[in-house]
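The values are calculated or read from the model by the stated rules, or taken from the named source; none is laboratory data. Not measured: the values here are computed from a predicted model. Positions of Cβ are backbone-derived with ideal geometry, glycine not excepted, and every protein chain shown enters the neighbour counts. Side chains included, ligands, DNA and RNA excluded: accessible areas come from the protein's heavy atoms. Shrake-Rupley method; radii C 1.70, N 1.55, O 1.52, S 1.80 Å.
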Amino acid sequence: MAAPWRDVLRDEAAIREAARVAVDAALLGGVLMRTEGEPNASDVVNYAPFTLLPSAVPSALFDQAYAVQQDFNLLVDTISQNKEFLERTLASTIKVDDFTARLFRIHMQVLEEGLAQSVFLGINRSDYMFDCGADGTPALKQIEINTIAASFGGLTSRTAAVHGQVLKVLGKSEEALRLLPNNPSKGLALGIAKAWELYGSQSAVVMFLVEEVQRNIFDQRCIENELWNRNIRVIRKRFRDVFEKGSLDDAKRLYMDGQEVAVVYYREGYVPTNYDQQNWEARLLLERSRAVKCPDIATQLAGTKKVQQELSRPGTLERLLPGRPEAVARMRATFAGLYSLDVGEDGDKIAAMAIADPDRFVLKPQREGGGNNLYGEELRQVLEKIRDSPERTSYILMDKIKPQPANNYLLRAHSPLQVSECISELGIFGVYVRQGKEMVMNEAAGHLLRTKAIEHADGGVAAGVAVLDTPYLV
């Protein structure tokens, strides 16, 4: 892949000056996070970590990622409505993974009671890397789809302007003009606004369900402000607030502090540590309500790694989306090799293959949020420990994607300025709204590029490993 900034990277004085400008531009432009020391206070903030220079991305692969996003939106929504598929696919996982099992039990309880919700809102992000094949040609390969709390749509809306300023300072004004405008926060807010409108109550509010620790609040505020600009009221509540003050009326309308809630937008609830018994009860209350959940629990289950692995089996996409061969082909072209570790002869062979050559694979549990995957020696040790146990079915195995590294500077508060060998991950945000059986909106809503040093195998921006970036199409 072309390295567009090779000349700039040699000029240390210019790099130091550009870094100073970049940090100030990020602070000025609102590319912000709260500090680790004061994660729930905005008195002291700092810039969110980001690359000094935009990273090269092959334009054909960038276009391919956008072109397939509506297909993935449709697929996620279709899976969420297919009780039998979810039940069959997750059968082995829910025996050994308590978190997925508890989500699944709520899903089944809500279906048995009868769905009160009639409008469905999906905000997901499909993440990819650029796999460098034996001949050196990069190919777009999907890492995962995040169907709950897909973050950084707000901050990435502001990052391109920072990189444009840096390029101008480095004498690259023409290149700065080639950076694409990107505003996922507007696209995500449009989806929430459409769901709010279809819910049909002008006085109802949108509730952001947020974590106890809220370092990444400004990312959420970008979307929140878009809603306020449309005169849609937003409240921010935690699971414990829902447990203490949430209620349903006879029509299963959800009320918080006496206010009717039209849309619940989850920025919480994707890992086991988000839940204690009260929080599980709050989640059940939300799921039973008429409010539009983003996501509803079925859509969260559609984003599990086990579902991702099942989708790669021959014939699965065709059965889920009959009569859509072009969509199936577009999606399948992005799949990396995915393997089941279910109990049985096939699973035994896969486990043995990974133990024998662990550097070829990634071992993935059913978790979101980054920092959970296992590689190399750690992968081998874990698989050897659980190879003869049903516990292995709580994981899937995936071919390790091998991108071509490039040099860049990763700007982090209180860290020295030094060049790193880096790899990037491209995410495309998707938004869809369905009312009953009718798809009312289905769009790609913008992109997110995250970059990390090659020594860090796993983890995103919130996990403190990757940094925000902007694609420079080559």
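Of all the numbered requirements in (1) within 22 Å of R283 (Cα to Cα); (2) free of Cβ contacts under 8 Å to residues at least 24 places away in the same chain, Y199 misses one, and that requirement is (2). How many residues, within region 275-301, are β-branched (V, I, T) and under 11 Å from I106 (Cβ atoms)? Residues meeting the conditions: 1. Summed over region 412-442, residues that are in contact (Cβ under 8 Å) with a residue 60 or more places away in the chain and among the polar types (S, T, N, Q) total 3.
Just one residue in the set S151, S173, S157, S185 is of a type in the set (G, A, S), open to solvent by 20 Å² or more (accessible area, probe 1.4 Å), at pLDDT 95 or above and in contact with a Ser or Thr (Cβ under 7 Å, 6 or more places away or on another chain); that residue is S157. Of the helices (runs of 4 or more DSSP H) lying entirely inside region 1-110, those carrying at least 2 residues that are modelled with pLDDT under 95 and over 19 Å from N182 (Cα atoms) are 6-9, 93-96.
Within region 367-388, if we keep just the residues that are modelled with pLDDT under 85 and touching a Phe, Trp or Tyr at 6+ places or on another chain (Cβ under 7 Å), the residue that is surrounded by the fewest Cβ atoms within 10 Å (Cβ to Cβ) turns out to be G369.
Could you tell me whether region 252-272 includes any residue that is open to solvent by 20 Å² or more (accessible area, probe 1.4 Å), in contact with a Phe, Trp or Tyr (Cβ under 7 Å, 6 or more places away or on another chain) and closer than 30 Å to M331 by Cβ? Yes, that holds for at least one residue. Restricted to region 284-318, and to residues there that are among the charged types (D, E, K, R), surrounded by 20 or more Cβ atoms within 10 Å (Cβ to Cβ) and within 22 Å of P365 (Cα to Cα), the residue that is farthest from the chain's Cα centre (by Cα) is E310. For beta carbons closer than 6 Å, sequence separation of 6+ or different chains, a first residue in region 234-251 that is touching a residue at least 60 places away in the same chain (Cβ under 8 Å) and not assigned by the TED database to the domain that holds N40 and a second that is in a strand (DSSP E or B) and surrounded by fewer than 17 Cβ atoms within 10 Å (Cβ to Cβ), there are no qualifying pairs. Looking at E391, is it open to solvent by 20 Å² or more (accessible area, probe 1.4 Å), under 22 Å from D98 (Cα atoms) and touching a residue at least 40 places away in the same chain (Cβ under 8 Å)? Here the answer is yes, as E391 does meet what is asked.
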